[in-house]
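Below is one structure, written out as structure tokens; the observations come after it.
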Amino acid sequence: MRHTRFLDFKEKEVINCRDGERLGYVCDLIFDCETGNILKIIIPGPCKVWGILGRESEYIINYCCITRIGEDVILVDVDAKKALVKIDY
């Protein structure tokens, strides 16, 4: 059985297999408290204006959409527009 630390996830770039788009780096995880299983990965969305005004959305990707976890990258197969969710702070 192979184990991975959260910090290892944060150091890997997430790339969408559908179009080769670089989505970014994992910033958070959603997991099931009872089983400890990872349910989703969260990646910061695109910056607002010129990259200086913060972000208003994030990619929320189901763990089952991960196709491969490599040494440097995590490959996912998602519709990026559907995975991009507006942040409600």
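The values are calculated or read from the model by the stated rules, or taken from the named source; none is laboratory data. Remember, predicted model here, so these are calculated numbers, not experimental data. All Cβ positions, even for glycine, are placed from backbone atoms using ideal geometry, and neighbour counts span all protein chains on display.
Taking first residues from region 24-42 that are under 13 Å from CYS64 (Cβ atoms) and partners that are part of a loop (DSSP other than H, G, I, E, B), the Cβ contacts under 6 Å between residues at least 6 apart in sequence or on separate chains come to LEU39/ASP32; ILE41/VAL26. Answer yes or no as to whether GLU58 is among the charged types (D, E, K, R) and either in a strand (DSSP E or B) or touching a strand residue (DSSP E or B) at 6+ places or on another chain (Cβ under 9 Å) (or both). Yes: the conditions hold for GLU58. Residues of region 80-89 include at least one that is of a type in the set (Ser, Thr, Tyr) and either assigned to a loop (DSSP other than H, G, I, E, B) or loosely packed, with under 12 Cβ neighbours inside 10 Å (or both).
Residue by residue, here is whether (1) farther than 14 Å from VAL85 by Cα; (2) modelled with pLDDT of 95 or more holds:
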site: LYS10; (1), (2): yes, no
site: VAL14; (1), (2): yes, yes
site: ASP19; (1), (2): yes, yes
site: ARG22; (1), (2): yes, yes
site: LEU29; (1), (2): yes, no
site: PRO46; (1), (2): no, no
site: GLY51; (1), (2): yes, no
